[in-house]
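Below you'll find the structure, written out as structure tokens, and then a few comments.
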């Protein structure tokens with residue numbers, strides 16, 4: 001049984017990966033999370049033989065060093081990070097602290113002969129689009145926001161540690177992954193919660209900014225495939241959907257799908273951080289993940305049904 005560490009494993013994507021790996025019956029999973037944005041409710045019972053949760057901060061060396069000493073990890077998924085546009089812009093110095101976590105993970109992975117480190121980067125590294133769709137090789141990384149810069153720095157750390165220490169890596173640039181465990185400070189989960197209560201949906205600007213959304217189930221299925229099939233080693237890959245939608249149309253779709261009485265209210269545009277377009281080139285992802293991506297309509301229904309269960 002392979003031993004896996006997931007930092008930030010109590011968040012939306014991390015906790016879904018935990019459950020996906022446990023379902024394979026091939027992995028012992030350890031989660032390290034300080035619960036600053038994640039939730040213990042997202043995780044399985046700590047009494048499972050092949051799972052355990054450790055409350056700790058990956059940015060503190062003593063926290064992460066202890067679990068590396070306790071377990072001989074084969075794989076590490078470094079998902080821990082301060083996330084959310086509003087949260088990261090209000091706490092730029094906290095964002096910069098995440099560089100320490102990246103260094104801790106890589107140094108300890110070298111010392112403990114970890115086979116491969118999976119790094120959760122972000123579409124934010126692309127900044128304002130200079131080409132659409134955004135391609136892993138040809139599109140420059142030009143964001144000036146601290147969150148995106150730290151993600152880009154993390155990518156450089158992955159490559160450098162591979163070159164100098166031989167640590168294998170996979171960099172995954174996530175494009176707006178949504179799902180039933182996502183907190184309501186992200187656009188789909190926020191809109192769904194408001195629509196279920198028939199409250200106004202608020203949009204910054206005129207709503208013509210675009211995004212592409214991937215259901216977390218597809219994200220996890222892809223991730224487990226590249227793990228088990230040993231694909232995309234020492235490579236970077238966009239992980240997302242190539243279906244682009246305007247935020248105004250997303251709001252209308254959620255209202256229609258949930259048969260809500262909500263109205264759409266427009267607020268002044270954000271000063272920074274609200275990029276005009278997001279659409280990934282997912283041709284590399286599709287070389288591994290050949291199935292049809294879950295439609296936005298079906299994904300909204302799934303996330304809404306989970307929201308109703310949590311509120312009851």
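Where a number appears in this text, it was derived from the coordinates with a stated rule and is not lab data. Quick caveat: nothing in here was measured; it's all calculated off a predicted structure. Don't worry about glycine lacking a Cβ; one is built from the backbone with ideal geometry, like all the others, and counts go over all protein chains shown.
Things to note:
- The range 61-138 shape via C-alpha gyration tensor axes, a/c threshold 1.5: oblate
- Over 15 Å [Cα-Cα, the range 1-98], rounded percent: 59 percent
- Pairs of Cα atoms nearer than 8 Å and 6+ residues apart set the relative contact order; for the chain it is 17 percent.
- Prolate/oblate/rounded label for the range 183-243 (Cα gyration tensor, a/c 1.5): prolate
- Least to most buried among 196, 93, 258 (fewest other Cβ within 10 Å first): 93, 196, 258
- Gyration tensor over alpha-carbon atoms, the range 101-180, equivalent ellipsoid semi-axes in Å: 25, 14, 12
- Sum of -39500 (n - 2.57) over DSSP H runs of 4+, divided by residues of the chain (222 nm, nearest 500): -11500 deg cm²/dmol
- The range 206-271 versus the range 61-84: alpha-carbon centroid distance in Å: 27 Å
- Overall form of the range 36-191 per C-alpha gyration tensor (a/c, 1.5; a/b vs b/c): oblate
- When only Cα pairs below 8 angstrom with a gap of at least 6 residues are kept, the range 76-203 shows a relative contact order of 27 percent.
- Ordering of 86-92, 53-59, 125-131 by packing [mean C-beta count within 10 Å, highest first]: 53-59, 125-131, 86-92
- At 1.002 mPa s and 20 °C, Stokes diffusion of the range 205-295 via Kirkwood alpha-carbon radius, µm² per second: 140 µm²/s
- Using C-alpha pairs below 8 Å separated by at least 6 residues, the relative contact order for the range 1-157 is 22 percent.
- Placing a label point 7 Å from the Cα of residue 111 along the Cα-to-Cβ direction, the residues of the range 54-80 whose backbone N falls under 13 Å of that point are 60-71.
- Sorting the Cα pairs of the chain by distance into bins of 10 Å, from 0 upward, gives 6, 27, 37, 23, 7, 0 percent per bin.
- Förster-model FRET efficiency, 30 Å R0, residue 163 and residue 70, C-beta, rounded to 0.05: 0.55
- Between helix 247-257 and the chain: long-axis angle, C-alpha atoms, 0 to 90°, nearest 10: 80 degrees
- Length released on extending from residue 265 to residue 297, taking residue separation times 0.36 nm less the Cα-Cα span: 9.3 nm
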